[in-house]
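Novice: For reference, the structure I am asking about is given below.
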Amino acid sequence: MAELLTLQQELRVSHFTKRYGRLTALADVSCRIVPGEALGLIGPNGSGKTTLFECLANVLPSDGGEILRDERPLTVDERTRTLFYLPDAIAPWPTETVRWALDYTIGFFRGRRHLRDEVIHALELEPLLSSRIATLSKGQRKRALLAIGLLTPHEVLLADEPFDGLDLRQSRDVARTLRDVAHGGRTLFLSIHQINDAARVCDRFVLLSGGRVCGEGTLKELSALAPPDAAGQPDLEQVFLALT
């Protein structure tokens, strides 16, 4: 089995830009990815979150930007080996069962087999293992996809809207699972538009609005950047509204 990697050195997302004709979807976006953290990419729908993840993962060509490790740009192959991108609202292998999808992921990517049963239990997938992916509800499919992402061996998991389709209890339980994963050394970069979900799971935040970074840091650090009325109350929603 291939070595299961954890991020040892900080990655720097540097000056990513994406244009569609006259529309600029990303404008010089930069941020840091720190080993072992849950980093939240926070912004409303249309702010450029998915576009950034697709550019980082080489799914979408960018008009500029690099990912740096120790000031050296990662090659395309290095980015592919380092980052695993889990898109929102997909249904891979629709005719296969959840059990098959998890085992295939582990076998194909030489993934985290030792976490298989733990992930299944944490995401309450036991009753769904024999179900075909096409038959799952939105929330069930989201939990199955998160399990696939968590079982991959890549250093960084990029997960787009990991709470979409989950009810309140499921969101709380998934947040706890993601926190446990980050505490175990896996680095997570999560695109989230619901601020309460982000506050529940993330160590630091990148605030994105209109394709531009409006702030980056912990809640305490971002609060210090906000005007006095918001900074006096360290609430992520108030800070986001004040900075965007």
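The values are calculated or read from the model by the stated rules, or taken from the named source; none is laboratory data. These numbers were taken from a predicted model, which means no experiment stands behind them. No Cβ is skipped: glycine too gets one built from the backbone with ideal geometry, and neighbour counts run over all protein chains shown.
Novice: From Arg19, Arg32, which residue is modelled with pLDDT of 95 or more, under 14 Å from the mean Cα position of the chain (by Cα), basic (Lys, Arg) and not in a helix (DSSP H, G or I)?
Specialist: Being modelled with pLDDT of 95 or more, under 14 Å from the mean Cα position of the chain (by Cα), basic (Lys, Arg) and not in a helix (DSSP H, G or I) holds for just one of Arg19, Arg32, which is Arg32.
Novice: Okay, moving on. Go through Thr75, Thr80, Thr97 for me and flag whichever is without any contact (Cβ under 8 Å) to a residue 40 or more places away in the chain and either of a type in the set (Asp, Glu) or closer than 14 Å to Val156 by Cβ (or both).
Specialist: Thr80
Novice: Within region 35-57, which residues are loosely packed, with under 15 Cβ neighbours inside 10 Å and in contact with a Ser or Thr (Cβ under 8 Å, 6 or more places away or on another chain)?
Specialist: Matches in region 35-57: Pro44 only.
Novice: Restricting attention to region 133-175, report how many residues are free of Cβ contacts under 8 Å to residues at least 40 places away in the same chain, closer than 21 Å to Arg113 by Cα and more than 12 Å from the chain's Cα centre (by Cα).
Specialist: Looking only at that region, the number is 2.
Novice: May I ask you to say which residue of Val239, Val156 is farther than 15 Å from Ile42 by Cα, crowded, with 22+ Cβ neighbours inside 10 Å and touching a helix residue (DSSP H, G or I) at 6+ places or on another chain (Cβ under 7 Å)?
Specialist: The unique qualifying residue is Val156.
Novice: While we're on this one: Pairs only if they're at least six apart or on different chains, beta carbon under 6 angstrom, first in region 112-126 and surrounded by 15 or more Cβ atoms within 10 Å (Cβ to Cβ), second assigned to a loop (DSSP other than H, G, I, E, B); list them, first residue then second.
Specialist: Arg112/Leu4
Novice: Among the residues of region 205-220, what is the count of those that are assigned to a strand (DSSP E or B) and either among the polar types (S, T, N, Q) or over 19 Å from Val29 (Cβ atoms) (or both)?
Specialist: Total satisfying the criteria: 1.
Novice: Tell me, which residue of region 159-207 that is acidic (Asp, Glu) and crowded, with 19+ Cβ neighbours inside 10 Å is nearest to Leu241 (Cα to Cα)?
Specialist: Among those residues, the one meeting the criterion is Asp197.
Novice: Also, quick follow-up: Among the residues of region 180-204, how many are under 12 Å from Gly40 (Cβ atoms) and part of a helix (DSSP H, G or I)?
Specialist: 8
Novice: I would also like to ask the following. Quick check on this structure: which one of Leu5, Leu86, Leu11, Leu60 is on the phi < 0 side of the Ramachandran plot, buried (at least 19 other Cβ atoms within 10 Å of the Cβ) and out of contact with any Gly (no Cβ under 7 Å at 6 or more places or on another chain)?
Specialist: The conditions single out Leu11.
Novice: Something else about it: Going by what's in this entry, would Ile33 be described as hydrophobic (A, V, I, L, M, F, W, C) and over 13 Å from Leu157 (Cα atoms)?
Specialist: Criteria not met by Ile33.
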